[in-house]
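The values are calculated or read from the model by the stated rules, or taken from the named source; none is laboratory data. Just so it is clear, the structure is predicted and the values come from calculations on it, not from any experiment. All Cβ positions, glycine included, derive from the backbone under ideal geometry; neighbour counts span all protein chains shown. In case anyone asks, the SASA skips ligands and DNA or RNA and just uses the protein heavy atoms, side chains included. Shrake-Rupley method; radii C 1.70, N 1.55, O 1.52, S 1.80 Å.
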Amino acid sequence: AQKVTQAQTEISVVEKEDVTLDCVYETRDTTYYLFWYKQPPSGELVFLIRRNSFDEQNEISGRYSWNFQKSTSSFNFTITASQVVDSAVYFCALSVGNFNKFYFGSGTKLNVKP
Amino acid sequence: AAGVIQSPRHLIKEKRETATLKCYPISRHDTVYWYQQGPGQDPQFLISFYEKMQSDKGSIPDRFSAQQFSDYHSELNMSSLELGDSALYFCASSHGTGGLNEQFFGPGTRLTVL
């Protein structure tokens, strides 16, 4: 069975602080994909990153960085120097198998205060 | 290029009424997925279609049905609506199945059942 756990329900930080959102996944498949999506108050799902199970390289994109560790089944997301516009719900998701359906975590609501 | 189109964007219905949500995938995408996101919840997979055939099924109530048409657009039909059906319904599309084929989400249809 597949499962994604985002243990942090809600995080509040002050602007310019760094913040890390945790994601732990479970799967017995050896080939899988991990994703992060941002959902602002307007509701749409904004794609942030996709990682496949064979690529453990960490990635940095501007203020965003991702740390993928298969040994701990984690795919954590760090925002450096957070901004008010980063306030949103962030979902981690897992996709396995041939039909690509997503298993989402419960989401982490990030509040960035000025 | 145009993204996934969902219509309507907002829909208000009374209990026991029916609703039809439409999804127009990205050009040349042959796979469509439907997800339901209740208030404060993560998106839950409902059903998917590949080349007009149902490819996978999740937690879709028997009151709901869906299909994919020859032009690859998909419709989610919901009957005997209940208050608990109030949710944001996402459609996503991809070209082919499998994790290599990136899934693109539409903006969602917000259904309110009164």
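A few notes on this one:
- Eligible lysines near residue B:15 by straight Cα distance, threshold 28 Å, same-chain separation 8 or greater: B:57
- Proximal lysines to residue A:70, defined as alpha-carbon separation beneath 20 angstrom and excluding residues fewer than eight positions away on the same chain: A:3
- Dipole moment magnitude, nearest 20 debye, chain B about Cα centre, only Lys, Arg, Asp, Glu C-beta charged: 240 debye
- Total accessible area lost when B and A pair, probe 1.4 Å, Å² to nearest 100: 1800 Å²
- Two-decimal ratio, the protein assembly as shown, of alpha-carbon radius of gyration to 2.2 N^0.38 Å: 1.02
- For chain B, Kirkwood radius (reciprocal of mean inverse C-alpha pair distance, Å): 13.9 Å
- FRET efficiency, 1/(1 + (r/R0)^6) with R0 30 Å, evaluated for residue B:5 and residue A:57 via beta carbons: 0.30
- Efficiency of FRET between residue B:20 and residue A:3 - r from beta-carbon atoms, R0 35 angstrom, step 0.05: 0.60
- Shown here for region A:5-98: GluC sites (Glu not before Pro) in loop regions (DSSP other than H, G, I, E, B) with at most 14 other Cβ atoms within 10 Å, namely A:15, A:17, A:56.
- Region B:48-75-region A:1-36 distance, computed between alpha-carbon centres (Å): 29 Å
- Antiparallel DSSP beta bridges within region A:3-113, as percent of all bridges there, nearest 5: 90 percent
- Divided by 2.2 N^0.38 Å, where N counts the residues, the Cα radius of gyration of region A:3-113 comes to 1.02.
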